[in-house]
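The values are calculated or read from the model by the stated rules, or taken from the named source; none is laboratory data. Given the structure is predicted, the values throughout are model-derived calculations rather than measurements. Cβ: placed from backbone, ideal geometry, glycine included. Neighbour counts: every protein chain shown.
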Amino acid sequence: MTEQESSYKFDPNSIVQYDNGITSRNFLPNVFLWMFVALGLSAAFAYYFSVDETLMRQLVDFETGSRTMLGTVTMFAPLAFVLAMSFGLNRLSFPVLALLFVAYSAITGISLSFILLIYSSSSVFTCFISASVLFGVMAFAGYTTNQDLTKFGSILMMFLVGIIIASIVNWFLNSSQLDYIISFVGVAVFVGLTAYDVQKLKRIGEGIEYGDASARKMVIMGALTLYLDFINLFLMLLRLFGSRK
């Protein structure tokens with residue numbers, strides 16, 4: 001045995017690192033990869049359903065302009081997926097959690113196909129690009145800033161709860177002025193949440209250790225968080241600046 005061979009020591013962590021696939025270095029890139037995959041699926045399903053009249057008739061009654069039963073279920077199904085993933089995180093395996101996330105992004109895309117019937121394609125595209133730029137800038141800010149955004153996170157969550165309550169109230173009031181206020185505040189909230197969530201995920205990634213079995217599941221939940229930030233930012237911008245058909 002040579003001196004070089006005798007000095008080599010077997011490191012079991014190297015196998016754990018390979019098998020697990022998630023390390024502190026690639027945690028955040030994997031989060032963004034899953035997020036982009038989900039956005040791509042949502043965009044594809046939204047477009048496909050909006051241009052296929054046969055599929056859209058399963059969601060909307062063209063004679064009355066109202067949603068069908070399936071259309072109503074599709075609108076609320078994404079919430080059920082989010083709740084199932086959040087509350088079942090500890091009990092679900094990674095493959096099941098990943099499958100739920102993929103299914104969630106597809107169903108969300110189907111539910112978003114309605115906006116292509118309401119808003120012009122040019123305004124949807126413009127708001128999507130605007131949301132992408134805002135999201136990218138705030139994600140970069142959240143990743144690079146040395147300021148602790150934890151205290152801002154609790155404030156933003158309070159505003160988010162307020163937006164949800166106000167939206168439920170406006171469901172009955174149908175006030176265009178209140179809708180404008182909600183959308184304006186919503187843009188500010190989700191811009192802030194993007195920076196906060198990216199910083200939070202960065203710190204989670206820095207704490208990942210080799211062999212952490214829950215790391216891959218945290219990737220999925222991180223991707224879900226950023227996906228929700230982006231989608232809601234896009235919808236708030238669309239409500240503010242979108243041109244209706």
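Here residue 244 passes the criteria (1) surrounded by fewer than 20 Cβ atoms within 10 Å (Cβ to Cβ); (2) of a type outside the set (Gly, Ala, Ser); (3) within 10 Å of the chain's Cα centre (by Cα) except the one numbered (3).
Name the residue, out of 148, 179, that is in contact (Cβ under 8 Å) with a residue 60 or more places away in the chain and of a type outside the set (Lys, Arg).
Criteria check complete, one pass: 179.
Here residue 157 passes the criteria (1) assigned to a helix (DSSP H, G or I); (2) more than 17 Å from the chain's Cα centre (by Cα) except the one numbered (2). Does any residue of the range 214-235 turn out to be without any contact (Cβ under 8 Å) to a residue 40 or more places away in the chain, in a loop (DSSP other than H, G, I, E, B) and either in contact with a helix residue (DSSP H, G or I) (Cβ under 9 Å, 6 or more places away or on another chain) or under 21 Å from residue 90 (Cβ atoms) (or both)? Yes, the range 214-235 contains at least one residue that is without any contact (Cβ under 8 Å) to a residue 40 or more places away in the chain, in a loop (DSSP other than H, G, I, E, B) and either in contact with a helix residue (DSSP H, G or I) (Cβ under 9 Å, 6 or more places away or on another chain) or under 21 Å from residue 90 (Cβ atoms) (or both).
Going residue by residue through the range 153-172, is there one that turns out to be touching a helix residue (DSSP H, G or I) at 6+ places or on another chain (Cβ under 9 Å) and at pLDDT below 90? Scanning the range 153-172, I find at least one residue that is touching a helix residue (DSSP H, G or I) at 6+ places or on another chain (Cβ under 9 Å) and at pLDDT below 90, so the answer is yes. Taking residue 69, is it within 19 Å of the chain's Cα centre (by Cα) and surrounded by fewer than 18 Cβ atoms within 10 Å (Cβ to Cβ)? So residue 69 does not fit the description; no. Across the range 101-121, not a single residue is classified as at pLDDT 90 or above, exposed (fewer than 12 other Cβ atoms within 10 Å of the Cβ) and either touching a Gly at 6+ places or on another chain (Cβ under 7 Å) or part of a helix (DSSP H, G or I) (or both). Checked against the criterion of being surrounded by 14 or more Cβ atoms within 10 Å (Cβ to Cβ), over 16 Å from the mean Cα position of the chain (by Cα), of a type in the set (Phe, Trp, Tyr) and closer than 29 Å to residue 26 by Cβ, the candidates 135, 152, 234, 190 yield just one match: 152. Within the range 163-174, residues that are of a type in the set (S, T, N, Q) reach partners that are assigned to a helix (DSSP H, G or I) and modelled with pLDDT of 90 or more with beta carbons closer than 7 Å, at six or more positions or on different chains, in the pairs 167/182; 170/178; 170/179; 170/182. Listed by position, the helices (runs of 4 or more DSSP H) enclosed by the range 16-91 that each have at least 3 residues that are under 21 Å from residue 200 (Cα atoms) and either touching a strand residue (DSSP E or B) at 6+ places or on another chain (Cβ under 9 Å) or of a type outside the set (Asp, Glu) (or both) are 27-51, 69-87. On the stretch given as the range 50-90, residues that are aromatic (Phe, Trp, Tyr) and closer than 16 Å to residue 106 by Cα total 2. The single residue among 51, 102, 60 that is under 16 Å from the mean Cα position of the chain (by Cα) and β-branched (Val, Ile, Thr) turns out to be 102.
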